[in-house]
Structure formats: C-alpha cells, structure tokens
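*Asks:* There's a structure below that I have some questions on.
The values are calculated or read from the model by the stated rules, or taken from the named source; none is laboratory data. Quick caveat, the model's predicted, so the values are computed rather than measured. Virtual Cβ from ideal backbone geometry, glycine too; neighbours counted across all protein chains shown.
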Amino acid sequence: MDQVKIGRFIKELRKEEGLTQAELAERLHISDKTVSKWETGNGLPEVGLMLPLCEVLKISVNELLSAEKLDEKQYHQKAEENIMSLMNEKAEAKRKLILEVVVIFITLLSSITLIMLAGYLEMETWVRILLIVIAVVVMVGGILVAAVLEMTVGGFECRHCGEYFEPDAFSYLMGAHTIMHRRLKCPHCGKKSWCKRRLTKE
C-alpha cells in the first residue's frame with residue numbers, strides 16, 4: 001500500500017466535502033492528529049475506521065486502498081491487487097520477525113563466546129578488557145538492530161478497545177514486553193495494558 005498516495009487521496013476528498021481535519025476527526029470520533037497522520041502518509045486508517053471514513057468521503061474501501069476513484073471494470077482489478085498487496089505485507093512482516101530472531105541469536109552467541117574467552121583463556125589484562133568491551137558493544141548493537149526491525153513489523157491491538165495502533169519509538173522502546181505482547185498506552189482509549197502484536201492492520 002502506498003501510504004503517501006492514500007494520504008493525499010484522503011486530503012483531496014476531505015477538501016471536496018468541505019471538511020477541515022478537525023471536522024473529519026469529530027465525525028469519526030478520533031483526534032485531528034490521527035487525520036493529519038493519514039494525510040501526511042505516516043499511517044493508514046485502522047480497519048474499524050475504514051468504513052466510517054469511506055462513508056464520509058463517499059467512496060468504497062477498495063477506492064480508498066487504491067487511492068483513486070474507480071469505474072466498474074477497474075474496481076475488480078484493483079480489488080485483486082489490494083488483496084495481493086495485503087498478503088505481501090503480511091509475508092514481509094513474517095520475514096522481518098524471522099530476521100530479528102536470527103539477529104538476536106547471533107548477537108547472544110557472539111557476546112557469550114567473547115565473554116567466555118575473556119574469562120577462561122590466559123591473556124593480558126588489556127586484551128581481556130578489550131574482549132569484554134567488544135562483547136558489550138556487539139550485544140547493544142544487536143539489540144538495537146533487533147528493536148529497529150521489530151518496530152517496522154506491524155503494530156499492536158489494544159486489550160481494552162480492540163483498536164490497532166502503531167506506538168511511537170520512545171513508547172515502544174520503554175515498554176516492558178514479552179515475545180508477542182508489549183505494555184503500551186492506547187492512543188484511542190488512553191488505557192495502558194499488555195497489547196498484542198499484530199503483523200498487519202487486517
């Protein structure tokens with residue numbers, strides 16, 4: 001999905017309807033910041049908001065995802081393209097998660113090996129210190145790479161309101177987490193809970 005193109009399309013249709021961002025947001029019971037995020041291409045509407053948004057803008061969901069108004073012939077072709085695009089996004093998200101696991105495994109293996117070498121082999125003190133420093137750098141670097149990879153994979157579903165959202169980098173990094181859950185504050189209902197990871201919005 002081309003988020004930037006979809007964002008421009010939403011902006012264009014909103015203006016055609018004579019609505020400000022705040023007025024559109026009020027009709028959808030969301031903040032105007034969310035509308036601004038869509039229009040600047042920094043996110044897509046959540047599944048639960050797509051139908052209400054399309055009703056206000058007088059288009060179909062297929063047209064929204066295609067970022068253009070469609071005639072009957074185009075409609076069916078674009079529907080297939082949009083389905084394939086969603087499937088590809090999910091497959092890409094799975095690949096990133098696998099890569100993240102590989103990065104974490106290699107990072108831990110390398111760091112532990114270096115620390116064991118520093119602890120068990122006979123060597124000068126400065127060499128021992130150097131190995132430990134390298135092990136720490138490798139571990140921190142690997143964790144950062146894994147975190148960046150994980151941040152690009154989908155978003156989270158709020159336990160309270162069920163809405164999908166993508167947290168900002170600070171909230172993401174500071175939130176306690178397990179493999180598939182992270183403690184985050186939902187921007188929709190404002191409640192903090194263990195939110196479940198979702199690979200795509202669908």
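*Asks:* Name the one entry in Ile59, Ile10 that is touching a Pro at 6+ places or on another chain (Cβ under 9 Å), within 26 Å of His188 (Cβ to Cβ) and not charged (D, E, K, R). I'd like the intermediate steps shown before the answer.
*Replies:* Details: Ile59 fails: touching a Pro at 6+ places or on another chain (Cβ under 9 Å).
The unique qualifying residue is Ile10.
*Asks:* Continuing with the same structure: Out of all the residues in the range 42-62, which are in contact (Cβ under 8 Å) with a residue 40 or more places away in the chain and surrounded by 13 or more Cβ atoms within 10 Å (Cβ to Cβ)? Give the steps one after another, and end with the answer.
*Replies:* Kept after step one, since they are in contact (Cβ under 8 Å) with a residue 40 or more places away in the chain, are these residues of the range 42-62: 43-44, 46-48, 53, 57-59.
Once the filter is applied, which keeps residues that are in contact (Cβ under 8 Å) with a residue 40 or more places away in the chain and surrounded by 13 or more Cβ atoms within 10 Å (Cβ to Cβ), the range 42-62 yields Gly43, Leu44, Glu46, Val47, Gly48, Leu53, Leu57, Ile59.
*Asks:* When the residues of the range 149-193 are filtered to those that are among the small types (Gly, Ala, Ser) and part of a loop (DSSP other than H, G, I, E, B), which remaining residue is modelled with the lowest pLDDT? So that I can check it myself, show each step before the final result.
*Replies:* Quick first cut of the range 149-193, residues among the small types (Gly, Ala, Ser) only: 154-155, 162, 169, 171, 175-176, 190, 193.
Retained after the next criterion (residues that are part of a loop (DSSP other than H, G, I, E, B)): 154, 162, 175-176, 190.
Values: Gly154: 71, Gly162: 77, Gly175: 82, Ala176: 85, Gly190: 86.
The selected residue is Gly154.
*Asks:* Restricting attention to the range 179-193, does a residue exist that is among the charged types (D, E, K, R), touching a residue at least 60 places away in the same chain (Cβ under 8 Å) and surrounded by 14 or more Cβ atoms within 10 Å (Cβ to Cβ)? Quick ask: steps written out before the conclusion?
*Replies:* Of all residues in the range 179-193, those among the charged types (D, E, K, R) come to 182-183, 185, 191-192.
Checking the rest, the ones that are also touching a residue at least 60 places away in the same chain (Cβ under 8 Å) come to none.
Taking every residue of the range 179-193 in turn, none turns out to be among the charged types (D, E, K, R), touching a residue at least 60 places away in the same chain (Cβ under 8 Å) and surrounded by 14 or more Cβ atoms within 10 Å (Cβ to Cβ).
*Asks:* Do the conditions hold for Ala25, that is, is it farther than 30 Å from Ile132 by Cβ, free of Cβ contacts under 8 Å to residues at least 12 places away in the same chain and out of contact with any Asp or Glu (no Cβ under 6 Å at 6 or more places or on another chain)? Quick ask: steps written out before the conclusion?
*Replies:* Numbers: farther than 30 Å from Ile132 by Cβ: yes; free of Cβ contacts under 8 Å to residues at least 12 places away in the same chain: yes; out of contact with any Asp or Glu (no Cβ under 6 Å at 6 or more places or on another chain): no.
Criteria not met by Ala25.
*Asks:* Please pick out the residue among Ala93, Ala146, Ala169 that is within 27 Å of the chain's Cα centre (by Cα), exposed (fewer than 13 other Cβ atoms within 10 Å of the Cβ) and among the small types (Gly, Ala, Ser). Working first, answer last.
*Replies:* On the way: Ala93 fails: exposed (fewer than 13 other Cβ atoms within 10 Å of the Cβ); Ala146 fails: exposed (fewer than 13 other Cβ atoms within 10 Å of the Cβ).
None of the others qualify; the one that does is Ala169.
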